[in-house]
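Participant: Take this structure, written in structure tokens, and hold onto it; I'll ask about it next.
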């Protein structure tokens, strides 16, 4: 009997223990459910609160504009007349008159005479007349070749640099060959300066303009070489460009060579 009563007592204690374990598990599950629900509420409530705040702000914006912005309005500064009103005709007339006067002053100090610019670096020329560009193109200038005939007979075939002047103009020019032309061709140099052997026609083109010291602006038979430094110091041009230069420049006109 005692054994049976002890067994019952043990059994009852076991049931109590199991009930406590179940209660503990239930409490833990309830706690986990509560924390999960709290997180869900936080995640849902924060966007809702921001949305409500956004609605409140934009709904009250007109009221804020009427109350605060009107109070802090900047003063109305007067606008300038030319912002809204058309420019008066007398003002335009005075401006045009002033521009004409300045143009006349500029014309007095600007170079209205014809002049020629020769660029020996890229073998080009530009012709100006009355302050405007009238023609440009290619030409040929000095080759920088040194011809040494021995002794003191040396020639450097270089186009002179600086400001030159047209000293003479000739149509259908005849070339008076200098000594180096004969030496270069391996021919004997004539003893007399005016020997008939020195004169050769048809090699300088239709026109020639002298810039001093024996240097000319003239035509050429070797048009395929224009644009290259192949001359003995003169400036060569083709027929059309040479005629324009000849007709435009006058004796005394400036020629700038650089």
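The values are calculated or read from the model by the stated rules, or taken from the named source; none is laboratory data. These numbers were taken from a predicted model, which means no experiment stands behind them. Virtual Cβ from ideal backbone geometry, glycine too; neighbours counted across all protein chains shown.
Participant: For the stretch 162-190, enumerate the residues that are surrounded by 13 or more Cβ atoms within 10 Å (Cβ to Cβ), at pLDDT 95 or above and not in a strand (DSSP E or B).
Facilitator: Those that are surrounded by 13 or more Cβ atoms within 10 Å (Cβ to Cβ), at pLDDT 95 or above and not in a strand (DSSP E or B): 166, 167, 173.
Participant: Exactly one condition in (1) within 26 Å of residue 122 (Cβ to Cβ); (2) touching a residue at least 40 places away in the same chain (Cβ under 8 Å) is false for residue 243; which is it?
Facilitator: (2)
Participant: May I ask you to list the residues in the stretch 216-231 that are crowded, with 22+ Cβ neighbours inside 10 Å and not in a loop (DSSP other than H, G, I, E, B)?
Facilitator: Correct list: 216, 217, 218, 231.
Participant: Condition first: closer than 17 Å to residue 249 by Cβ, in a loop (DSSP other than H, G, I, E, B) and out of contact with any strand residue (DSSP E or B) (no Cβ under 6 Å at 6 or more places or on another chain). Can you find one or more residues in the stretch 193-208 that meet it?
Facilitator: First, pick out the residues of the stretch 193-208 that are closer than 17 Å to residue 249 by Cβ: 204-208.
Next, only the ones that are in a loop (DSSP other than H, G, I, E, B) stay: 204-206.
Still in the list and also out of contact with any strand residue (DSSP E or B) (no Cβ under 6 Å at 6 or more places or on another chain): 206.
Yes, some residue in the stretch 193-208 is closer than 17 Å to residue 249 by Cβ, in a loop (DSSP other than H, G, I, E, B) and out of contact with any strand residue (DSSP E or B) (no Cβ under 6 Å at 6 or more places or on another chain).
Participant: Please work out if residue 147 is assigned to a strand (DSSP E or B), in contact with a strand residue (DSSP E or B) (Cβ under 6 Å, 6 or more places away or on another chain) and modelled with pLDDT of 95 or more.
Facilitator: Working: assigned to a strand (DSSP E or B): yes; in contact with a strand residue (DSSP E or B) (Cβ under 6 Å, 6 or more places away or on another chain): yes; modelled with pLDDT of 95 or more: no.
Judged against the criteria, residue 147 is not a match.
Participant: Tell me whether the stretch 120-131 contains one or more residues that are in a strand (DSSP E or B) and loosely packed, with under 15 Cβ neighbours inside 10 Å. Quick ask: steps written out before the conclusion?
Facilitator: So in the stretch 120-131, the residues in a strand (DSSP E or B) come out as 124-129.
Checking the rest, the ones that are also loosely packed, with under 15 Cβ neighbours inside 10 Å come to none.
No.
Participant: Considering 153, 161, 191, which residue is touching a residue at least 24 places away in the same chain (Cβ under 8 Å) and either touching a helix residue (DSSP H, G or I) at 6+ places or on another chain (Cβ under 8 Å) or over 25 Å from residue 135 (Cβ atoms) (or both)? Lay out the reasoning, then the answer.
Facilitator: Values: 161 fails: either touching a helix residue (DSSP H, G or I) at 6+ places or on another chain (Cβ under 8 Å) or over 25 Å from residue 135 (Cβ atoms) (or both); 191 fails: touching a residue at least 24 places away in the same chain (Cβ under 8 Å).
None of the others qualify; the one that does is 153.
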